[in-house]
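The block underneath contains the structure these notes are about, expressed in structure tokens.
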Amino acid sequence: MKKISTLLIIFSCLTLVACGKGEQVNGHNMRTAYKSVKALKNRLPPDSRVEFEVSFWTIRDSLKTDEAFLDAVDGKKPQEIIALGKEIYQQRKNSGFPAYEQFSSWDQMIAKFGQERLDQEKGTRKTDPKDKANDILYKL
């Protein structure tokens, strides 16, 4: 009986230790990194999700090799990913990165992407007049 209770305590401790990294990106490989980012994003408050996602993909875009990217994000918490994303944004903005010229600040870029996300979720996207001309639904 003592052996069973001892094993149960050891198992419980190991389980708690294994769950301790649930708030960090698992950079073991690309697949686990993407899965952990998806899980972390879903746990964040709605107003931080877009910023976290943009930061993650900014880091991914700036680091061309998988190894460098995984080293940069492994073990990072969402706030650390956001801080790194802001830092990369500022470096690129200062060097004249063309995609960032339309934004005066990080917050403006996040606000734009957040609005686009809201529009996507609502389904209120702008319709192109060409789409109506190519409509295959016939009036019967």
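Data for the structure
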{"quantity": "Test set (1) under 30 Å from GLN108 (Cα atoms); (2) among the small types (Gly, Ala, Ser); (3) at pLDDT below 95 - ALA18 fails condition number", "calculated": "(1)"}
{"quantity": "Pick from segment 66-82, criterion under 13 Å from the mean Cα position of the chain (by Cα) and without any contact (Cβ under 8 Å) to a residue 12 or more places away in the chain, ranking: nearest to ASP47 (Cα to Cα)", "calculated": "GLN79"}
{"quantity": "Elements of type helices (runs of 4 or more DSSP H) contained in segment 66-140, each with 3 or more residues being out of contact with any His (no Cβ under 8 Å at 6 or more places or on another chain) and either within 19 Å of PHE52 (Cα to Cα) or modelled with pLDDT of 95 or more (or both)", "calculated": "66-73, 78-94, 106-122"}
{"quantity": "Some residue of segment 21-36 being more than 25 Å from ALA68 (Cβ to Cβ), modelled with pLDDT under 95 and not in a loop (DSSP other than H, G, I, E, B)", "calculated": "no"}
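The values are calculated or read from the model by the stated rules, or taken from the named source; none is laboratory data. It should be emphasised that the depicted structure is a prediction, and the values quoted were computed from it without experimental measurement. Methodologically, a virtual Cβ is constructed for each residue, glycine included, from the backbone with ideal geometry; neighbour enumeration extends over all protein chains shown.
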